[in-house]
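Undergrad: Pasting a structure here, questions to come.
The values are calculated or read from the model by the stated rules, or taken from the named source; none is laboratory data. All values reported here derive from a predicted model rather than from experimental measurement. Quick reminder, even Gly has a Cβ in these numbers, built from the backbone with ideal geometry, and neighbours come from all protein chains shown. Note: areas computed on protein heavy atoms with side chains; ligands, DNA, RNA excluded. Shrake-Rupley method; radii C 1.70, N 1.55, O 1.52, S 1.80 Å.
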Amino acid sequence: MTSDDRPTVRPMVDPLDDLVLAVRGDGTDYELPPVVTLDQASDVLGLDRAEGLRMAEAGTYPIKVISVGSEGYRVGTAPLIRAAGLSAVREALRVEG
C-alpha cells in the first residue's frame, strides 16, 4: 500500500482564513477544498456528469453527497480521496505540491 492509498487528511485554516483540508500523501503536502462539486467528483470517479446527477438524485451515488439547495450537490473531498486515491483527486483539481 502506498501513501497515496492512505494519505493523512486534517482540517486547517489557510492564511486567508479559508477552511481547507491539509493532505499529506506521496511525501508532499497539499491544501484541498473540504468539498468539491458533484461534476468534479463524477470526473474523478469516471462517471458521466449526467449519470452522476441521476445517481445523486436517486441516492445511489458511490459516495455520500451533500445537497446544497439551489446550488446542487457537493461531495466531501476526504471520502473522494478514499474512494479514488489522492493522485486522481489532485489531478482533477489541478493541485500541485
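Undergrad: So, in region 4-36, of the ones that are within 19 Å of residue 71 (Cβ to Cβ) and open to solvent by 50 Å² or more (accessible area, probe 1.4 Å), which residue ends up nearest to the chain's Cα centre (by Cα)?
TA: Applying the filter and picking the extreme gives 35.
Undergrad: Please go through region 39-50 and give me each residue that is open to solvent by 70 Å² or more (accessible area, probe 1.4 Å) and over 16 Å from residue 83 (Cβ atoms), ordered by number.
TA: 48, 49
Undergrad: Here is a follow-up. Hey, can you tell me all the residues within region 23-44 that are farther than 10 Å from residue 89 by Cβ and free of Cβ contacts under 8 Å to residues at least 40 places away in the same chain?
TA: Of everything in region 23-44, those that are farther than 10 Å from residue 89 by Cβ and free of Cβ contacts under 8 Å to residues at least 40 places away in the same chain turn out to be 24, 27, 37, 38, 39, 42.
Undergrad: Within region 75-83, identify whether any single residue is in a loop (DSSP other than H, G, I, E, B) and either surrounded by fewer than 16 Cβ atoms within 10 Å (Cβ to Cβ) or at pLDDT 85 or above (or both), and answer yes or no.
TA: So far as region 75-83 goes, no, none of its residues is in a loop (DSSP other than H, G, I, E, B) and either surrounded by fewer than 16 Cβ atoms within 10 Å (Cβ to Cβ) or at pLDDT 85 or above (or both).
Undergrad: Quick one: would you say residue 88 is closer than 23 Å to residue 6 by Cβ and part of a strand (DSSP E or B)?
TA: For residue 88, the condition - closer than 23 Å to residue 6 by Cβ and part of a strand (DSSP E or B) - is not met.
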